[in-house]
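Accompanying notes for the structure given below.
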Ligand code: NDP
Ligand code: 2IT
């Protein structure tokens, strides 16, 4: 078996050199899915995984725009259309200086499995730019978004490819992108998700990823006869996913001890309650400040510069910032401090070494493609509402989100249950794979 996996990875690596994040995502899937394929006559010999790792289409384009000093800036834009076997391409846009082909391909690849797990008809895609929104004025961000969409619009559409937000792309950016698409196409359609409520957005979409990850963790805990009440929770990030993960943990009776950004983390021993969290939301979403500004209002909290929150003792860890933010040494610290559960809000935040540690120590560990699927799931619900030209209530969307997260948890159990342990990585990868593979087989070699 090891030989088959090695051969497969060598072939993929040959064609995708210098793409470490993409190879990391492919390796994790290959190690869990190939042993399953080999046992199933319908999949074996069909080169399905080899087809899945090859994007259906990759678009890369120049984004030239003019900053407030009237200087010309040039960025690179991308859209990876990875797989459309079960629905139109669907996935977010990331604006961050680190964005490159490898990172977007890993995200687009993960998105295939995640979208399949949601049970909704969405294929996998991802895009973005190496543009850095930090320190830019609103008008600069608007001009960049308009230039970006002036190329992207010809590749997307409500039945073709439906982008949304990710790191650096929130409601402000989605607004500017939507405005430019509408102007260019002279059409009001659901071509993006994460839209504002008054112009086709869905209630609960801003909350969905964060709430969803906590609903998923709740399911994992319930499966062990436990719950959130009284649990100490460490969260990284302080953006969209982290904020609403924190809100839901607080609502369920857990204590949120930390939040972070790329400058370091804040540790509030007394717990970050709803009032303190509202202050963080104001700081981050309106004032776009660094997380340590929190200490001005809450001086009893501490700030640890250039450090990660995994050194704080906790029962549950929820990484919600970025890929590979939780490494093997961090996993060792968490385990040493008796952390029992890790649920990923971010995409691929745990390094392969960290995941090994979690599995070895039988930590309840949920990979992002299962536990953060709530965001894209509610994007799918936004698309459904746009097609119906109708809006569901908060309660309706939240109930659907809860039930989707419960179904994903069940799929992970169906395919990932081992003796005395649930291997959520294996469960999520195989469950996500089966639906897409069946659709690809039915549609022939295309
Ligand atoms: P935001 O831009 O709202 O927030 C990102 C947060 O992560 C910020 O606190 C940011 O800090 C921090 N961060 C980003 N990059 C780095 C880095 N290289 N090092 C340290 N900290 C970093 O993004 P989201 O909350 O939307 O996304 C967070 C994660 O969740 C990402 O992995 C994303 O792919 C994933 N995700 C998002 C979904 C969504 O619907 N938005 C859905 C599913 C997954 P700083 O401001 O200092 O950069
Ligand atoms: O990683 C993700 O799932 C997202 N950024 C959300 C994608 C979406 O289309 O809502």
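Read-outs: derived from the displayed coordinates by stated rules, not from any lab. If you're wondering where the values come from, they're calculated on a predicted model, not measured in any experiment. Reconstructed Cβ throughout: ideal geometry from the backbone, glycine too, with neighbour counts over all protein chains shown.
If the elastic network links every pair of Cα atoms under 10 Å, which of 321, 384, 431 fluctuates the most in the Gaussian network model of the chain?
Top of the fluctuation ranking is 384.
So for the chain, averaging the separation of alpha carbon pairs under 8 Å that are six or more residues apart and normalising by length, what relative contact order in percent results?
The value is 15 percent.
What ranking, highest mean first, results for peptides 411-417, 389-395 when packing means the other Cβ atoms within 10 Å averaged over each residue?
Listed from highest to lowest mean packing, they are 411-417, 389-395.
Taking every DSSP beta bridge with both residues inside the chain, roughly what % is antiparallel (nearest 5)?
Numbers: 28 of 49 bridges.
Roughly 55 percent of the beta bridges in the chain run antiparallel, per DSSP.
Go through 6-15, 369-378, 399-408, 329-338 and give me the packing order, highest mean Cβ count within 10 Å leading.
On the way: 6-15: 13.2, 369-378: 29.7, 399-408: 19.6, 329-338: 17.6.
My ranking of the peptides, most packed first, is 369-378, 399-408, 329-338, 6-15.
Of 326, 221, 177, which has the largest mean-square fluctuation in a 10 Å C-alpha GNM of the chain?
The residue with the greatest mean-square fluctuation here is 221.
Report, for the range 68-204, the % of DSSP beta bridges that are antiparallel, rounded to 5. Mind showing how you got there, number by number?
Working: 8 of 17 bridges.
Taking every DSSP beta bridge with both residues in the range 68-204, the antiparallel ones total about 45 percent.
Between rounded, prolate and oblate, where does the range 186-260 land on the alpha carbon gyration tensor, with a ≥ b ≥ c its root eigenvalues, rounded for a/c under 1.5, else prolate if a/b exceeds b/c? All intermediate terms of the calculation are to be shown ahead of the outcome.
On the way: a/c = 3.44, a/b = 2.17, b/c = 1.59.
It comes out prolate by the Cα gyration axes.
Using alpha carbon coordinates only, what is the Rg to Rh ratio of the chain, with Rh defined as the Kirkwood radius? Kindly include the intermediate steps, with their values, before the conclusion.
Values: Rg = 20.9 Å, Rh = 22.0 Å.
With Rg and the Kirkwood Rh in hand, the quotient comes to 0.95.
Could you work out which residue, out of 311, 71, 54, moves most in a Gaussian network model of the chain, that is, has the largest mean-square fluctuation with Cα springs under 10 Å?
Evaluated over the chain, the most mobile residue of the options is 71.
By how many nm would the segment from residue 302 to residue 287 lengthen if fully extended, with 0.36 nm per residue of separation less the alpha-carbon distance?
Numbers: separation 15, 0.36 × 15 = 5.40 nm, distance 2.07 nm.
This chain segment gains 3.3 nm when fully extended.
Give the relative contact order (percent, whole number) for the range 75-159; include only Cα pairs under 8 Å separated by 6+ residues. Display every interim value, and only then the final one.
On the way: 138 pairs, mean separation 32.4, N = 85.
Relative contact order, the range 75-159: 38 percent.
With each run of n ≥ 4 DSSP H residues scored as -39500 (n - 2.57), what mean residue ellipticity at 222 nm is computed for the chain after dividing by its residue count and rounding to the nearest 500 deg cm²/dmol? Show your work: numbers first, answer last.
On the way: 16 runs with 208 residues, N = 446.
Rounded to the nearest 500, it is -15000 deg cm²/dmol.
Only Cα pairs under 8 Å and at least 6 apart count here; give the relative contact order of the range 195-317 as a rounded whole percent. Please list the in-between numbers first.
Working: 200 pairs, mean separation 30.8, N = 123.
Reported relative contact order: 25 percent.
How big is the antiparallel share of DSSP beta bridges in the range 251-387, given as a percent to the nearest 5?
On the way: 8 of 14 bridges.
The antiparallel proportion sits near 55 percent.
Computed over the Cα atoms of the range 14-58, what is the convex hull's projected area averaged over all directions, in nm²?
Working: hull surface 14.6 nm².
The Cα convex hull of the range 14-58, projected and averaged over all directions, gives 3.7 nm².
Figure the gain on full extension for residue 24 and residue 185 (residue separation times 0.36 nm, minus the Cα-Cα span) and round it to one decimal in nm.
Working: separation 161, 0.36 × 161 = 57.96 nm, distance 3.82 nm.
Contour length minus the Cα-Cα distance gives 54.1 nm.
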